[in-house]
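Working notes, beginning with the structure itself.
The values are calculated or read from the model by the stated rules, or taken from the named source; none is laboratory data. Not measured: the values here are computed from a predicted model. As a convention, Cβ positions derive from the backbone with ideal geometry for all residues, glycine included, and neighbour counts pool all protein chains shown. Surface accessibility is based on the protein's heavy atoms, side chains included, excluding ligands, DNA and RNA. Shrake-Rupley method; radii C 1.70, N 1.55, O 1.52, S 1.80 Å.
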Amino acid sequence: MQPLPGFRDLYPGDFARRNYLTSRWRETARRYGFVEFDGPTLEPTDLYRKKNSGGEILGQLYEFTDKGERDVSLRPEVTPTLARMIAARHRDFPKPLRWFNVGTCFRYERQQRGRLREFLQFNCDLVGDASPAADAEVVALLIDLLRSFGLTEQDFAIRLSDRSAWQSFMSGHGVPQEKAGEFLQIVDRMEKMPEEKTAALLAPFGVALATVKDFIEKAEIPALEPLLSDLEARGLRSFVRPDLGVVRGLAYYTGVVFEAFALHGGLRAIAGGGRYDRLLSDLSDGQADLPAVGFGMGDAVLLELLGECPSAKAREEAALKADAAVQLYLVIASEEHRAEALGLAQLLRESGWRVAYPLAEEKVGKQFGTAESSGATHAIVVGSEWPTLKVKRLADRHEESVPKDSILAWLANTRS
Ligand code: HAM
């Protein structure tokens with residue numbers, strides 16, 4: 001029996017990588033003053049259908065009727081849930097809100113590299129501030145987050161665009177408002193589609209492909225200036241590129257939109273987001289008229305990217321090594337000393353060390369083999385010299401004798 005296509009079994013090694021991602025996500029979000037929240041993974045389908053996510057995502061819903069005859073869907077994204085939650089209780093929180101979430105999302109997509117049907121997504125959203133300073137704060141967080149993995153300007157860039165520039169384009173070229181979403185979807189997919197196909201899809205709108213391409217190449221985006229100077233002041237300007245080619249597939253964006261993408265291995269989106277100033281109001285029938293900006297980042301593309309960029313890979317490997325399941329391995333040199341070894345294991349564990357030892361009698365050579373493969377940095381031999389221990393540093397086999405009463409102090413010293 002295999003897992004379903006697009007779903008993953010996470011073995012301990014995979015989970016260690018996931019923990020590495022989520023710890024960086026959480027740490028960076030907290031550095032920017034964001035707090036964590038979560039909502040349900042199953043929602044009424046109307047949350048996505050009503051004016052909200054729109055577009056492609058609606059065709060990718062894991063949608064079914066539950067035993068109470070409700071039309072429900074596994075969440076394909078977290079933004080509508082966040083908007084619903086804040087709209088319901090916005091008076092309880094001082095503005096602006098800085099919230100983040102690490103959660104599972106589901107989309108019935110065609111499975112491919114970096115695209116799955118069940119994936120982990122990190123979301124950061126700043127709600128209740130309509131200024132470019134808020135946009136900059138979120139974009140800076142995204143940049144710092146990618147840098148925290150050891151990724152550099154050579155590895156990724158943020159493409160910044162503005163939906164309102166596209167709104168003006170559409171009204172200037174007679175695209176009716178109710179067809180705006182459909183039009184933007186075509187532009188969104190343009191880079192991945194053959195030109196003839198894009199031209200054919202644009203034809204019913206009476207807009208030529210050349211006109212769209214010309215707009216992307218030539219148009220200035222003055223609305224982005226305050227955001228760019230804010231990033232400049234932080235020393236982060238070189239990570240971003242104004243680019244009208246980005247429009248984003250989701251329907252709710254109203255202003256600045258952006259995507260982080262990998263510079264090598266094909267333009268792959270690592271993260272995407274933007275400003276959505278009407279979603280909260282729409283979801284609460286105008287009760288909570290709060291502007292918002294945020295982004296989402298999945299684990300799948302990021303994991304691939306970390307494996308491909310040498311500096312990021314080295315950083316990840318060092319972090320995984322430092323977080324090995326076992327730090328100390330107790331070698332029980334003779335069975336008469338098992339009781340002392342158990343007492344020592346207990347003492348070390350109570351002091352926070354991750355400790356393993358053989359559960360049954362084993363040859364000393366085999367125990368050292370297990371110690372090496374366990375990821376432990378030291379083997380501690382409990383044997384005939386008790387209460388003196390032999391401590392062996394496994395990396396270079398350097399050995400020292402340490403009285404058992406001094407072992408905690410000795411270890412603390414090696415750690416520092
Ligand atoms: P999105 O562009 O649909 O935006 O997704 C954001 C990120 O989630 C993508 O860049 C990608 O890393 C990851 N992702 C999306 N679909 C999949 C998939 N099928 N498999 C693996 N990873 C995937 C949103 O979801 C918005 N709600 C983001 C947002 C938050 N906008 C404002 N706040």
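The single condition among (1) surrounded by fewer than 16 Cβ atoms within 10 Å (Cβ to Cβ); (2) more than 28 Å from W25 (Cα to Cα); (3) within 16 Å of the ligand (Cβ to nearest atom) that D282 does not satisfy is (1).
Quick check on segment 299-337: of everything there that is touching a Lys or Arg at 6+ places or on another chain (Cβ under 9 Å) and small (G, A, S), which residue is nearest to the ligand (Cβ to nearest atom)? Quick ask: steps written out before the conclusion?
We begin by selecting, within segment 299-337, every residue touching a Lys or Arg at 6+ places or on another chain (Cβ under 9 Å); these are 299-301, 303-307, 316, 319-320, 324-328, 331-333.
Restricting the remaining residues to those that are small (G, A, S) gives 300, 307, 319, 324-325, 333.
Working: A300: 4, G307: 15, A319: 21, A324: 28, A325: 28, A333: 50 Å.
Going through the qualifying residues, I end up with A300.
Per the listing R49, R26, the residue uniquely in contact (Cβ under 8 Å) with a residue 40 or more places away in the chain, surrounded by 13 or more Cβ atoms within 10 Å (Cβ to Cβ), closer than 30 Å to S284 by Cα and assigned by TED's automatic domain parsing to the domain that holds F93 is R26. Residues that are over 16 Å from A223 (Cβ atoms), open to solvent by less than 20 Å² (accessible area, probe 1.4 Å) and hydrophobic (A, V, I, L, M, F, W, C) were ranked within segment 240-262; the one that is modelled with the highest pLDDT is A260. Filtered by the rule that a residue be on the phi < 0 side of the Ramachandran plot and part of a loop (DSSP other than H, G, I, E, B), segment 333-363 gives A333, S334, S351, W353, R354, Y357, P358, L359, A360, E361, E362, K363.
Each row is one residue, and each column tells you yes or no for (1) under 28 Å from R117 (Cβ atoms); (2) open to solvent by less than 20 Å² (accessible area, probe 1.4 Å); (3) free of Cβ contacts under 8 Å to residues at least 12 places away in the same chain.
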{"position": "D289", "(1), (2), (3)": "no, no, yes"}
{"position": "G294", "(1), (2), (3)": "yes, yes, no"}
{"position": "S334", "(1), (2), (3)": "no, no, no"}
{"position": "R338", "(1), (2), (3)": "no, no, yes"}
{"position": "G343", "(1), (2), (3)": "no, no, yes"}
{"position": "E350", "(1), (2), (3)": "no, no, yes"}
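When L244 is tested against (1) in a helix (DSSP H, G or I); (2) away from the ligand (no atom under 16 Å from the Cβ), only condition (1) is not met.
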